[in-house]
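Structure first, commentary second.
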Amino acid sequence: MLTTPPVPRAYAPPLSPDLVVLHADDDLLVLDKPSGLLTVPGKSADLADCLIARAEARFPGARIVHRLDMDTSGVIVLARNPHAHRHLGLQFERRHVSKHYEARVWGRVASDCGTIDLPLACDWPNRPRQHIDPAGGRHARTDWRVMARDGETTRLHLEPLTGRSHQLRVHLLTLGHPILGDPLYAHRDALEAAERLQLHAASLTIRHPTGGRPCHFTSPCPF
């Protein structure tokens, strides 16, 4: 169990590319977020540079609908007007969206697929870490399957059925296979095995706020 607070890291967001736009229309802005960039600003001035700030500079009125962890890369959707914001927010709240991630984890995962159904809560003495809390945690479920095994690591396809903070990172840790490069949850060997968190939001499917047609967006995994 992790019992010491994480050591703060200096925030060094990537300067280039500024924004990778996967799709833009009157309702939607879909971006490919790089690893190392906050989705929303932090509390101090040195944490002001973030995805939403960069998006608003080019697309005034853009609004956050959901978030990706700073170290996670991949597909993220923003709304461009109040109607779209409400529509998309309800889709995420009611779990009407479909998303999948790719991750590289430490060790050779023995089974080919599985489900992790363990409740999560904030680990307050060690925040921002989360932990499994059977008594007071919120329901969290992740389906996973092996994509490939390579030496002492495994590539996984992940489908979170819920969207809890750090869900995939903690669930895989409890499976005994922390994500490579994870500064919060990985042991030293797993942390040093990659230069960044090996977690990528590879696809997202939503209903368009105008008309309701299915919209599927993808981003190739960069690792």
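The values are calculated or read from the model by the stated rules, or taken from the named source; none is laboratory data. These numbers were taken from a predicted model, which means no experiment stands behind them. Every residue, glycine among them, receives a Cβ derived from its backbone with ideal geometry; neighbour counts consider all protein chains shown. Protein only, heavy atoms only, side chains kept; ligands, DNA and RNA dropped before computing areas. Shrake-Rupley method; radii C 1.70, N 1.55, O 1.52, S 1.80 Å.
What figure, in Å² to the nearest 10, do you get for the accessible area of residue 117 with a 1.4 Å probe and non-protein molecules left out?
Spelled out: residue 117, probe radius 1.4 Å, area about 90 Å².
If I compute solvent accessible area with a 1.4 Å probe over the protein chains, what percent of it on segment 1-92 is carbon and sulfur? If you can, show how the numbers build up before the last one.
Working: 2780 of 4750 Å².
After summing per-atom areas, the C and S share lands at 59 percent.
Apply 1/(1 + (r/R0)^6) to the Cβ-Cβ distance of residue 40 and residue 135, taking R0 = 41 Å, and write down the FRET efficiency to the nearest 0.05. Each step should come with its number before you reach the end.
Working: r = 30 Å, r/R0 = 0.73.
In this case the efficiency is close to 0.85.
About the Cα centre of segment 130-184, what is the dipole size in debye to 20, counting +1 per Lys and Arg Cβ and -1 per Asp and Glu Cβ, all else neutral? Display every interim value, and only then the final one.
Details: 7 positive and 6 negative charges, 30 e Å.
Charge dipole of segment 130-184: 140 debye, to the nearest 20.
Could you give me the percent of Cα pairs per 5 Å distance bin for segment 1-76, shortest bin first, beginning at zero and ending with the bin that holds the maximum distance?
Answer for segment 1-76: a P(r) of 3, 14, 26, 24, 15, 9, 4, 3, 1, 0 percent.
Using a 1.4 angstrom probe, figure out how much accessible area segment 71-223 has per residue, in square angstrom, rounded to the nearest whole.
On the way: 7360 Å² over 153 residues.
Here the per-residue accessible area is 48 Å².
Collect residues whose amide H, placed 1.01 Å from N in the peptide plane, falls under 5 Å from the amide H of residue 118; neighbours closer than 5 in sequence don't count.
140, 142
What residue among 203, 111, 35 shows peak mean-square fluctuation when the chain is described by a Gaussian network model with Cα springs under 10 Å?
111
Residue 185: accessible area at probe 1.4 Å, nearest 10 Å²?
Solvent-accessible area, nearest 10 Å²: 10 Å².
Evaluate the charge dipole of the chain about its Cα centre and quote only its size in Debye, nearest 20, assuming +1 on the Cβ of each Lys and Arg and -1 on the Cβ of each Asp and Glu. It would help to have the intermediate numbers written out before the result.
Working: 27 positive and 24 negative charges, 103 e Å.
Charge dipole of the chain: 500 debye, to the nearest 20.
Starting at the first residue of segment 81-91, write each ³J(HN,Hα) from the Karplus equation 6.51 cos²θ - 1.76 cosθ + 1.60 with θ = phi - 60°, in whole Hz, x for Gly and Pro.
Once θ is set to phi - 60°, the couplings for segment 81-91 become 7, x, 4, 5, 4, 5, 4, 5, x, 5, 4 Hz.
What does the convex hull of the Cα atoms come to per residue for segment 45-159, in Å³? If you can, show how the numbers build up before the last one.
Working: hull volume 19.4 nm³, N = 115.
Convex hull volume per residue, Cα atoms: 168 Å³.
Could you give P(r) for segment 111-223, binned at 5 Å from zero, as whole percent values over all Cα-Cα pairs?
2, 10, 18, 21, 20, 14, 8, 5, 2, 0
Just reorder 43, 99, 33 by solvent-accessible area, largest first, 1.4 Å probe, all chains present.
Greatest to least solvent exposure: 43, 99, 33.
Heads up, I need the accessible area for residue 141: 1.4 angstrom probe, whole protein in place, Å², nearest 10.
Its accessible surface works out to 90 Å², give or take rounding.
Take the alpha-carbon positions of the chain, form their convex hull, and give its projected area averaged over all directions (one quarter of the hull surface) in nm².
Working: hull surface 50.1 nm².
Average projection, Cα convex hull of the chain: 12.5 nm².
What order do 189, 143 take when sorted by accessible area (1.4 Å probe), most exposed first? Working shown, then result.
Details: 189 90, 143 40 Å².
Accessible-area ranking of 189, 143, largest first: 189, 143.
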